[in-house]
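The values are calculated or read from the model by the stated rules, or taken from the named source; none is laboratory data. Only a predicted model underlies this, so the values are computations on that prediction, with no experimental measurement involved. Ideal geometry is used to build each Cβ from the backbone, glycine not excepted, and the neighbour counts take in all protein chains shown. Protein only, heavy atoms only, side chains kept; ligands, DNA and RNA dropped before computing areas. Shrake-Rupley method; radii C 1.70, N 1.55, O 1.52, S 1.80 Å.
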Amino acid sequence: MSDRLIGVSGATGQLGGRVAARLAALGVRQKLLVRDVARAPKLAGAEAEVAPFDDGEACRAALAGLDTVLMVSASETPDRVAQHRTFIDAAAAAGVRHLVYISFYGAAPDATFTLARDHFATERHIRSTGLAATFLRDNLYADFLPMLAGEDRVIRGPAGDGRVAAVAQDDIADAAVAVLRDPGAHAGRTYDLTGPEALTLAEIAGLIGARYHAETVDEAYASRASYHAPQWQLDAWVSTYTAIAAGELSGVTSHIAELTGHPATSVADLLARA
């Protein structure tokens, strides 16, 4: 068991849980930073402590003594950036040296996908603290692509013929573990984590046994109106597709292979494993 203690947020979720399980299997000691200790996974060499992103005092206490911390972005809410700033400030105050932040592909202040703007704001705040940092900018999760289809097996959205280089969560977790185990080698780096190919939604629909209907933007808002979601959420949902249409999620990189030593998983291979 390694003597170095690594902090892992989001350990009760899909991505953070994958990272925590991998670190435990490698004998790495870790502190799981969670909202509810009772829900934290029971892993060898792991302890859990309450650290809600919006509670600066609790985060400072939980982060004390940690050099390297994986920061998985908070759930999508209107105040997510404010929560991120609270956690980042707590990390700086607690003496954390290196943050590994799970960001989003194409994070920018003018990104079409509205939530990518939140990730850019978070990256900018991390840089402002002077903390060493590594940004893992994930493309859309390939694992969630089957959920894009409705009960009628149709994927609806204004993505046109745009392409998306969706990435498997297992690949992201492998990349995160590689960085966490040797953070100094990755300080100041930004990695764009993608799958090995960029597919249209029509191609993805074919892989999951569905079909794709290209909506207009107005149609997309109308077809989602029945969910009675707040405007910011509707904008996020619709802009996922318009970002694809704009070509902002189509880039393919070799960063997964460079970090993990294995090729990125294709959507077809991921579905075959399910």
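General observations
- Extending 7 Å from Cα along the Cβ direction at ARG153 and again at THR129 yields two label points whose distance is 4.8 nm.
- Ligands, DNA and RNA left out, the 1.4 Å accessible surface of the chain is 50% carbon and sulfur atoms.
- Computed over the chain, the quotient of the alpha carbon radius of gyration and 2.2 N^0.38 Å is 1.01.
- Global form of the stretch 1-156, assessed from the alpha-carbon gyration tensor, a/c cut-off 1.5: oblate
- Distance between the pseudo-spin-label points of ARG189 and GLU258 (7 Å out from Cα toward the beta carbon): 0.7 nm.
- Surface exposure of the stretch 1-134, expressed per residue as accessible area with a 1.4 Å probe, stands at 41 Å².
- Dividing the summed -39500 (n - 2.57) terms of all DSSP H runs of n ≥ 4 by the residue count of the chain sets its mean residue ellipticity at 222 nm at -11500 deg cm²/dmol.
- If the chain linking ALA108 and ALA93 were pulled fully straight, counting 0.36 nm for each residue of separation and taking away their Cα-Cα distance, it would gain 2.7 nm.
- Extending 7 Å from the Cα toward the beta-carbon at both THR216 and ALA25 defines two label points whose distance is 5.0 nm.
- When the P(r) is computed for the stretch 170-274, the part past 19 Å accounts for 60% of the Cα-Cα pairs.
- Per-residue 3J(HN,Hα) values for the stretch 64-69, derived from phi via the Karplus relation 6.51 cos²θ - 1.76 cosθ + 1.60 with θ = phi - 60°, read 4, x, 9, 8, 10, 9 Hz in sequence order (x marks Gly and Pro).
- Basic side chains Lys and Arg get +1 at the Cβ, acidic Asp and Glu get -1 at the Cβ, and with that the dipole of the chain about its Cα centre reaches some 660 debye.
- Accessible solvent surface per residue of the stretch 183-274, calculated while the other protein chains remain in place, 1.4 angstrom probe, Å²: 50 Å²
- Here's how it looks for GLY195: its modeled amide H is under 5 Å from those of ALA166, VAL167, which are all 5 or more places away or on a different chain.
- Cα shape, the stretch 78-165, gyration tensor, a/c 1.5 rule: prolate
- Relative to the current alpha-carbon distance between ASP36 and SER75, full extension at 0.36 nm per residue lengthens the span by 12.6 nm.
- Taking a ≥ b ≥ c as the square roots of the eigenvalues of the Cα gyration tensor, the stretch 181-230 is classed as oblate, since a/c reaches at least 1.5 and a/b does not exceed b/c.
- Protection proxy ranking, peptides 138-150, 13-25, average beta carbon neighbours within 10 Å, highest first: 13-25, 138-150
- Compared with the alpha-carbon gap, the fully stretched path from GLU47 to ARG273 is longer by 78.2 nm at 0.36 nm per residue.
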